[in-house]
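Below: one structure, written as structure tokens.
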Amino acid sequence: MSTESVLLEVTDGVATITLNRPEAMNSLDIATKEALLDAVRRAADDDAVRCVVLTGTGRAFCVGQDLKEHIQLLEKGDSDALFTTVDKHYNPTVTLLATMNKPVIAAVQGVAAGAGASLAFACDFRILADTAGFNLAFTGVALSCDTGASWTLPRLVGQARALELLYFPSTLSAEKSAELGLATKVVSGDDFAAEVGALARKLADGPTVSFGAIRRSVANSAGASFEDAVAFESEMMSLTGATADHKSAVAAFVAKQKPVFEGR
């Protein structure tokens with residue numbers, strides 16, 4: 001059994017990043033946050049990676065900040081380590097997840113709370129096991145939200161519902177998460193790995209540059225005027241139009257063949 005708190009495995013274009021502290025419900029102490037940031041950065045920078053899957057081991061996806069470590073730092077009066085971690089760890093990690101030029105799946109096999117939920121919300125797809133769920137736990141410990149939740153959550157459920165979920169946290173079942181739009185799909189535990197694997201394979205076999213350009217266009221539009229949004233779309237169209245995948249796909253279409261994408 002590995003003692004590493006974060007595992008990174010790359011197979012056939014799919015990078016699987018696994019939080020591996022099941023005894024602590026994959027909570028995030030400083031060492032784990034540093035390892036997670038390194039793994040996400042490596043996956044984002046690796047041209048061989050065409051899809052990223054973020055998941056956890058055990059009964060939790062990730063319950064956010066490790067409160068045992070947090071209490072120890074509070075007792076020591078080490079406020080610098082407590083609150084610089086947002087800028088040092090959480091923000092760069094979630095920014096990479098949300099903006100890397102390749103698709104990202106959150107494979108939520110168990111509860112995702114606090115920053116753990118926020119990490120999942122930053123991904124393109126959230127596949128939930130039927131025993132999984134979300135909890136926006138921040139006010140329960142008298143803290144503000146972080147790890148991008150103020151940006152991602154309103155875009156998933158609307159501002160009014162986002163405020164309700166953040167003000168009054170409770171564990172949302174997988175079924176309720178799907179009803180609210182927080183889950184892309186809910187599957188039984190027996191089918192979970194196969195469902196995640198099939199989606200990852202489909203994405204990794206797709207036009208990676210196209211996927212990345214669409215991610216950037218959708219994110220850009222959130223803070224842009226219509227005129228600026230379509231101007232950015234034009235840039236992305238020029239970018240993708242120059243790719244080998246576009247040229248081969250057009251040729252395959254004319255020949256009435258199925259295109260094979262190489263991610264470039």
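The values are calculated or read from the model by the stated rules, or taken from the named source; none is laboratory data. Being a predicted model, the structure only gives us computed values, none of them experimental. Every residue, glycine as well, gets a Cβ built from its backbone with ideal geometry; the counts of neighbours run over all protein chains shown.
The set of residues in the range 39-71 that are surrounded by 14 or more Cβ atoms within 10 Å (Cβ to Cβ) and part of a helix (DSSP H, G or I) comprises Ala39, Val40, Arg41, Arg42, Ala43, Ala44, Leu67, Glu69, His70. The residues of the range 15-53 that are of a type in the set (D, E, K, R) and over 25 Å from Arg215 (Cα atoms), listed by number, are Arg21, Glu23, Asp29, Glu34. Applying the condition of being within 21 Å of Val49 (Cβ to Cβ) and not aliphatic (A, V, I, L, M) to the range 246-264 and asking which residue is surrounded by the fewest Cβ atoms within 10 Å (Cβ to Cβ) yields Arg264. Number of residues in the range 206-251 that are of a type in the set (Asp, Glu) and under 20 Å from Thr184 (Cα atoms): the value is 0. Among the residues of the range 7-16, at least one is among the polar types (S, T, N, Q), under 22 Å from Ala183 (Cα atoms) and either assigned by TED's automatic domain parsing to the domain that holds Gly114 or part of a helix (DSSP H, G or I) (or both). Every condition in (1) assigned to a loop (DSSP other than H, G, I, E, B); (2) free of Cβ contacts under 8 Å to residues at least 12 places away in the same chain; (3) acidic (Asp, Glu) holds for Glu227 except the one numbered (1). Going through Gly206, Gly181 one at a time, which residue ends up being under 19 Å from the mean Cα position of the chain (by Cα) and over 30 Å from Ala162 (Cα atoms)? Only one candidate passes the filter, namely Gly206.
With respect to the conditions (1) in a helix (DSSP H, G or I); (2) closer than 29 Å to Ile71 by Cβ; (3) touching a Gly at 6+ places or on another chain (Cβ under 9 Å), Ala98 falls short on a single one, namely (2). Apart from one condition, Leu199 fits all of (1) in the same structural domain as Leu143 (by TED's automatic domain parsing); (2) in contact with a Ser or Thr (Cβ under 9 Å, 6 or more places away or on another chain); (3) over 19 Å from Gly263 (Cα atoms); the exception is (3).
Applying the criterion of at least 1 residues that are in contact with a Cys (Cβ under 8 Å, 6 or more places away or on another chain) and assigned by TED's automatic domain parsing to the domain that holds Leu182 to the strands (runs of 3 or more DSSP E) found wholly in the range 105-164 leaves 111-113. Residue pairs whose Cβ atoms lie under 7 Å apart, separated by 6 or more positions or on different chains, with the first residue in the range 9-32 and under 11 Å from Cys51 (Cβ atoms) and of a type in the set (S, T, N, Q) and the second surrounded by fewer than 20 Cβ atoms within 10 Å (Cβ to Cβ) and modelled with pLDDT of 95 or more, are Thr16/Glu9. Here the condition is being touching a strand residue (DSSP E or B) at 6+ places or on another chain (Cβ under 8 Å), exposed (fewer than 15 other Cβ atoms within 10 Å of the Cβ) and closer than 17 Å to Gly64 by Cα; of Ser144, Ser170, it holds for Ser170 alone. Restricting attention to the range 17-32, the residues that are of a type in the set (S, T, N, Q), within 17 Å of Leu67 (Cβ to Cβ) and in a loop (DSSP other than H, G, I, E, B) add up to 2.
Restricted to the range 1-29, and to residues there that are touching an Asp or Glu at 6+ places or on another chain (Cβ under 7 Å) and under 17 Å from His89 (Cα atoms), the residue that is surrounded by the most Cβ atoms within 10 Å (Cβ to Cβ) is Leu28.
Here's the yes/no breakdown for (1) modelled with pLDDT of 95 or more; (2) touching a Gly at 6+ places or on another chain (Cβ under 8 Å); (3) under 21 Å from Cys123 (Cα atoms):
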residue: Ala213; (1), (2), (3): yes, no, yes
residue: Ser217; (1), (2), (3): yes, no, yes
residue: Asn220; (1), (2), (3): no, no, yes
residue: Phe226; (1), (2), (3): yes, no, no
residue: Met236; (1), (2), (3): yes, no, yes
residue: Lys256; (1), (2), (3): no, no, no
residue: Gly263; (1), (2), (3): no, yes, yes
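Take the range 173-188 and flag every residue that is closer than 29 Å to His70 by Cα and of a type outside the set (S, T, N, Q). Scanning the range 173-188 gives Ala174, Leu182.
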